[in-house]
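Everything on this sheet refers to the single structure shown next.
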Amino acid sequence: MAGYFSSSLGRKQVVAITGLLLILFLIMHLSGNLLLYKGPDAFNAYAEFLDHLGMIKLLARVGLVLLFVTHIVFTALLVIDNRKARGQEGYAVNRAVGKRSFATRLMPYTGTLVLVYLIFHLLDYTLADHHSAKSIVDGVNLGLYGLVYNSFRSPVRVAFYVAGMFGIGFHLIHAVQSVVQTFGFNHPTATPVIRRLSTLIGVAIAVGFASIPFYLFLCGGARACSVSCLF
């Protein structure tokens, strides 16, 4: 087993599997976040439902942290392996770089952006008090909805969040293709379809998440207590 995790193939498969599980989490997370469009009652009810899961929620968070850390660690190990190989092969490797996709070339940058974004996201929402003064909108404490709403009154925060989401989008475009390639699936007909599907998934998740701060920023202050601005 130790030999598997120390091999390049084993590490690539670990990165692929953990990446796929993180993609599934993002899809579920997005489905919950889209309740922000329905207003405070719907979104806060969803948040309270998760809180009532108690130990299940705690275990899910621990599992998610382990997934993320494992993904980062094994990705770093692969980067180290690649750099060692590049040092041995010299310019032969550099000539192949031009064949890589744009999303693949951006992986080191999008990965770093996602990590920075995640740290701020945890501090801003997950670890923050959901019923503090930061949750008050027009004199009403709107709980987690109010906290999210008030955070997106700042155009700088909106821009940072959107940048983070598109970082995730580019990361996912490469990730889906990487999962398929890592497990040896390569077909002249199916591979182009998978590439288009990976782009669709990455764009859909990025746009879905990024649309939320735009909506809350443009939906005026007093109207945060209703969904009238949506209709």
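See the values below:
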item	result
Ile136 long-range amide H proximity, modeled H, under 5 Å	Leu142
In Hz, Karplus ³J(HN,Hα) per residue of segment 51-67 (6.51, -1.76, 1.60; θ = phi - 60°; x = Gly, Pro)	4, 6, 6, x, 4, 4, 5, 4, 5, 5, 5, 4, x, 5, 4, 4, 4
Full-extension gain in nm, Leu53 to Val193, via 0.36 nm per residue minus C-alpha separation	46.5 nm
Sorted by Cβ neighbour density within 10 Å, fewest at the top, the residues Ser7, Ser198	Ser7, Ser198
Estimated dipole of segment 2-225 in Debye, rounded to 20 [Cβ of Lys and Arg +1, of Asp and Glu -1, Cα centre]	940
For segment 2-225: rounded, prolate or oblate by the Cα gyration tensor [a/c cutoff 1.5]	prolate
Estimated distance in nm for a label pair at Lys38 and Thr112, the labels positioned 7 Å out from Cα along Cα-to-Cβ	4.0
Residues Tyr149, Tyr109 arranged by fewest to most Cβ contacts within 10 Å	Tyr109, Tyr149
About the Cα centre, charge dipole magnitude for segment 35-85 (Lys/Arg +1, Asp/Glu -1 at Cβ), debye	280
Sorted by Cβ neighbour density within 10 Å, fewest at the top, the residues Asp138, Asp81	Asp138, Asp81
Two-site FRET efficiency, Ser211 against Asn141, from Cβ-Cβ distance with R₀ of 30 Å, rounded to 0.05	0.75
Local electrostatic count, Val116, Cβ distance below 15 Å [Lys/Arg +1, Asp/Glu -1]	0
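Laboratory data are not the source of any read-out in this text; all were calculated from the coordinates shown. Nothing here was measured: the structure is a model prediction, and the numbers come from that model. Reconstructed Cβ throughout: ideal geometry from the backbone, glycine too, with neighbour counts over all protein chains shown.
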